[in-house]
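S.K.: What follows is a structure written as structure tokens; I'll ask about it next.
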Amino acid sequence: MAKAPASSQPMLAGFKLVSEAKPIGNAAVTKDPIANFKGGIEKQLEFVEMELAGKPLPMTDKGRKPRLAYFRKGGVWYVNLKYGNTNLLIDGRGTVEAGPTLENVKQAFEAIRNAADNELRQPIIEAADAIGARLKGRTGRKKAA
């Protein structure tokens, strides 16, 4: 560890030293994982509403299609339970079978949003903690080889 040069005047005179880290990822994210989760559900509900109205989905800032948390397979719509990119598992399962129509997807998202304060609360908090643990110490710089 390098020593600071000896000086009669402190180098950082007039500045306050704090323990603050550079933010990583989306600076708009709140510290409340339940609110973050519900915000993501609201965005998915907007996409479902747009599809129900026959409107095209908006592209992302990078010109890509939005990531949908729902899909159709074999005539049935499914909804993935996710907090960001982390799967939420309830009894080892992370997908809700919504039903045959997009209206069922809307109803599933509404039920998931309502469950965030109850049944899904603990899995959401655990997913947020897991993400935080992965990001801890990450500076955005690659380590030298």
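S.K.: Step through the residues of the stretch 56-71 one at a time and calculate ³J(HN,Hα) from phi using the Karplus curve (6.51 cos²θ - 1.76 cosθ + 1.60, θ = phi - 60°), rounding each to whole Hz and writing x for Gly and Pro.
M.R.: x, 6, x, 7, 6, 4, 8, x, 9, 5, x, 7, 9, 9, 9, 7
S.K.: Net charge around Ile124, counting only other residues with Cβ within less than 11 Å of its Cβ (Lys, Arg = +1; Asp, Glu = -1)?
M.R.: -2
S.K.: Right, another one. By what distance, in whole Å, do the Cα atoms of the stretch 33-134 stretch along each of the three principal axes, largest value first?
M.R.: So the three principal-axis extents are 39, 32, 22 Å.
S.K.: Would you mind calculating the relative contact order of the stretch 33-134 from Cα pairs under 8 angstrom and at least 6 residues apart, reporting the percent as a whole number?
M.R.: RCO, the stretch 33-134: 30 percent.
S.K.: Right, another one. Order these by the 10 Å Cβ neighbour count, fewest first: Arg113, Arg121.
M.R.: Arg121, Arg113
S.K.: Among residues other than Met50 whose Cβ falls under 14 Å from its Cβ, what is the net charge (Lys/Arg +1, Asp/Glu -1)?
M.R.: -1
Read-outs throughout are calculated quantities, based only on the coordinates presented, and are distinct from any laboratory measurement. The model shown is predicted, which means the values in this text are computed figures rather than measured ones. So basically every Cβ, Gly included, is an ideal-geometry build from the backbone, and we count neighbours across all protein chains shown.
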